[in-house]
Structure formats: structure tokens, C-alpha cells
Amino acid sequence: MSTISATLNIMIRAAERAARSLTRDFGEVENLQVSRKGPGDFVSAADRRAEEIIYEELSKARPDTAFLMEEQGVVAPIKAGDGNPARWIIDPLDGTSNFLHGLPHWAISIAYEEKGEITAGLVYDPIKNELFTAERNKGAFMRRKRLRVSGRVSLVESMIATGAPRRSLGQKERFLKECDAVIDAGGSLRRYGAASLDLTYVAAGRYDGYWERSLKPWDVAAGYLIVREAGGFGCDLDSDSNNAVETGNILVANEGCYQPLKKLIRACG
Ligand code: IPD
Ligand code: CA
Ligand code: CA
């Protein structure tokens with residue numbers, strides 16, 4: 001990596017501390033699988049603990065910055081700043097269902113937003129020891145290694161990731177149509193259950209594209225910057241605007257697959 005800004009350094013420190021706590025708890029989850037009650041309450045506590053650690057670290061380093069966090073929601077800065085409109089957007093544990101089932105595929109996601117623009121993003125998978133980061137106009141990295149999206153130019157033999165909508169959203173029919181269309185186009189589908197990692201896997205050239213609906217800003221804020229800094233393209237699924245972080249309906253892909261995938265998914269609406 002070229003030079004890491006002070007902001008990204010703070011983010012890395014917070015994520016590494018939270019990761020130690022989550023990794024310890026993940027080790028416990030296996031033991032709880034066999035109990036009748038399951039590890040549900042334990043995992044909720046692990047999730048909250050991780051968020052608290054990240055909050056503590058970041059607010060200590062930047063007392064004038066606000067927060068948007070999955071568990072606690074909007075939290076004002078502990079010290080009034082000079083009108084600094086920056087905020088941290090945090091998902092302390094993305095891939096909770098995987099964590100709960102002892103599946104080693106989950107991550108911590110932290111983004112930094114300044115004047116409505118995401119300027120730094122971090123996604124950390126401590127189990128695989130993969131740290132994905134990006135800063136605006138400075139590229140995307142896995143530790144020191146520069147990330148680039150894949151060079152595949154068509155959906156034939158592509159690998160495309162997605163996320164299934166929760167039953168309560170009533171989007172099953174459309175989703176199944178979209179999956180059908182991707183498979184018919186020759187794509188290999190994946191549904192791994194951690195949106196932040198789906199995005200970073202596109203950035204790393206492992207997937208060629210990814211789409212999902214009804215996500216939250218903390219699921220995508222960091223990963224979306226990482227994909228674009230790795231040379232990927234992205235948009236809100238239903239319009240061409242760049243506000244997928246707010247709408248939570250996202251499509252990203254490498255250059256060659258972006259237009260074909262977008263056309264295919266939209267044609268299913
Ligand atoms: C979830 C994951 C999953 C996506 C869900 C998200 P959580 O986040 O990112 O991949 O399909 O919609 O809510 O609940 O594990 O933090
Ligand atoms: Ca999430
Ligand atoms: Ca979460």
C-alpha cells in the first residue's frame with residue numbers, strides 16, 4: 001500500500017481490536033451449537049461487544065465524529081466539533097447467520113464518510129486474515145497488495161454473487177427470476193451470506209459481479225468504495241444513480257460484465 005492515512009490507521013486499529021474479541025467468541029459458538037437453545041443470545045452479545053469496542057476506539061481517536069452503527073443506530077459525536085460533518089458507518093459483524101452457524105465467513109465493516117462521500121473503507125475477515133481497504137482515489141488493497149477486478153468480459157463462465165431476500169420482504173419471485181436469468185446466461189451463482197465480503201470479492205477479482213436488494217448503509221458503504229477503487233463499476237440496481245449506499249439496492253461488476261449483468265437483472269423487474 002502506498003501511504004495509509006491517519007484515518008485508515010485508526011480504522012485498522014479499531015477493527016483489529018474488535019476482531020480479537022469476535023474471534024474468541026467464534027471459537028465458543030461451536031460449543032453452543034449442540035445446546036437446545038443454540039448460540040443466538042451469545043452471538044447477539046458478541047455483536048454488541050464488537051460494536052462497543054469499535055465505538056470506543058474511534059470516538060477516542062476522533063471525538064468530533066458522528067456514528068451510524070447497525071446496533072446503536074445514529075450516535076452523535078461525544079464532543080461538538082467545528083461543524084465537521086464526518087461520520088463512521090459501522091457493521092461490527094457482517095454475516096451474522098454464518099457466525100451463528102459456525103461458518104467461517106463473516107467480517108467487520110467500517111466506512112468513513114465526509115460531506116456525504118465515503119472516503120475510506122475497510123472490510124476485515126479475521127478468520128482468513130484478509131484485510132481489504134480503500135481510500136478515495138488511492139486504490140484498493142489487501143494489506144500491501146493492490147486489488148483489481150477480474151478481466152472477464154462476458155457472463156459466460158462468470159461467477160456472480162447475490163444475497164437472498166428475507167421472506168418478510170416478499171421479493172422471492174423476482175429474486176428467483178433474476179437467479180434464473182444469470183444461470184441461463186452461463187453464470188455460476190454464489191450466495192455466501194456476507195454482503196461486505198461479496199463486494200470485496202468482486203474487488204479482488206474472485207467474483208465478476210454481485211447484486212442484492214434491501215441492504216443497509218453499513219452493509220455496503222465500505223465494500224462499495226473498495227470495489228470502485230479496484231476498477232469496478234456499480235450503481236443503484238433500479239436507477240443509474242450512484243446512491244446504492246442509501247437505497248441498499250446494489251449492483252457491482254467488473255467492466256466487461258457490468259452492462260450485461262445490469263441489463264439482465266433489470267429485465268426481470
Ligand atoms: C446481512 C449479510 C447478508 C445479507 C443480509 C444482511 P448481517 O448482514 O450481509 O449477506 O444478505 O441482507 O443483512 O445481518 O449479517 O449484518
Ligand atoms: Ca450486515
Ligand atoms: Ca451485522
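The values are calculated or read from the model by the stated rules, or taken from the named source; none is laboratory data. Worth saying up front: this structure is predicted, and the values here are computed from it rather than measured. Quick reminder, even Gly has a Cβ in these numbers, built from the backbone with ideal geometry, and neighbours come from all protein chains shown. To get the accessible areas, we keep the full protein, side chains included, count just its heavy atoms, and leave off ligands, DNA and RNA. Shrake-Rupley method; radii C 1.70, N 1.55, O 1.52, S 1.80 Å.
Here are the numbers for this structure:
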{"item": "Per-residue SASA entry for Cys179, accessible area with 1.4 Å probe, Å² rounded to 10", "result": "20"}
{"item": "Length-normalised contact order of the chain in % [C-alpha pairs under 8 Å, at least 6 apart]", "result": "16"}
{"item": "Among Leu189, Leu251, Leu225: highest mean-square fluctuation, GNM of the chain, C-alpha pairs under 10 Å", "result": "Leu189"}
{"item": "Among Ala86, Ala230, Ala203: highest mean-square fluctuation, GNM of the chain, C-alpha pairs under 10 Å", "result": "Ala86"}
{"item": "Global form of the range 6-146, assessed from the alpha-carbon gyration tensor, a/c cut-off 1.5", "result": "oblate"}
{"item": "Listed residues Ala253, Ala45, Ala204, most fluctuating in the chain (Gaussian network, C-alpha, under 10 Å)", "result": "Ala45"}
{"item": "Three-way shape label, the chain, alpha-carbon gyration tensor, a/c 1.5", "result": "oblate"}
{"item": "Residue order for Arg213, Arg62, Arg48 - accessible surface, 1.4 angstrom probe, largest first", "result": "Arg48, Arg62, Arg213"}
{"item": "Cα lying deepest toward the dipole's positive end in the chain, options Ser154, Ile4, Met69, charges on Cβ", "result": "Ser154"}
{"item": "Net lengthening on full extension, Lys79/Asn242 (0.36 nm per residue, minus Cα-Cα)", "result": "55.5 nm"}
{"item": "Asn129/Cys268 FRET efficiency (R0 41 Å; Cβ-Cβ; nearest 0.05)", "result": "0.65"}
{"item": "Accessible surface of Leu131 - all protein chains present, 1.4 Å probe, nearest 10 Å²", "result": "10"}
{"item": "Relative contact order (%) - criterion: Cα under 8 Å, at least six apart; region: the range 1-139", "result": "20"}
{"item": "Dipole magnitude of the range 97-172, debye to nearest 20 (Cβ charges: Lys/Arg +1, Asp/Glu -1, about Cα centre)", "result": "180"}
{"item": "Global geometry of the range 155-266, whether rounded, prolate or oblate, following the gyration tensor of its Cα atoms and the 1.5 cut on a/c", "result": "rounded"}
{"item": "Chain lengthening between Glu28 and Gln72 when straightened (0.36 nm per residue, less Cα-Cα)", "result": "13.4 nm"}
{"item": "Among Leu189, Pro165, Asn242 - extreme Cα towards positive end, dipole of the range 155-266, charges at beta-carbon", "result": "Pro165"}
{"item": "For the range 6-146, size of Cβ-based charge dipole, Lys and Arg +1, Asp and Glu -1, in debye", "result": "500"}
{"item": "Positive-end residue of Phe26, Ala50, Ala14, charge dipole of the chain with Cβ unit charges", "result": "Phe26"}
{"item": "Ser168, Ser97, reordered so the largest accessible area comes first (probe 1.4 Å)", "result": "Ser168, Ser97"}
{"item": "Solvent exposure of the chain as accessible area per residue, Å², 1.4 Å probe", "result": "45"}
{"item": "Debye, to nearest 20: dipole size of the chain, +1 on Lys, Arg Cβ, -1 on Asp, Glu Cβ", "result": "440"}
{"item": "Total formal charge among the other residues, if their Cβ is under 9 angstrom from that of Glu212, Lys/Arg +1 and Asp/Glu -1", "result": "-1"}
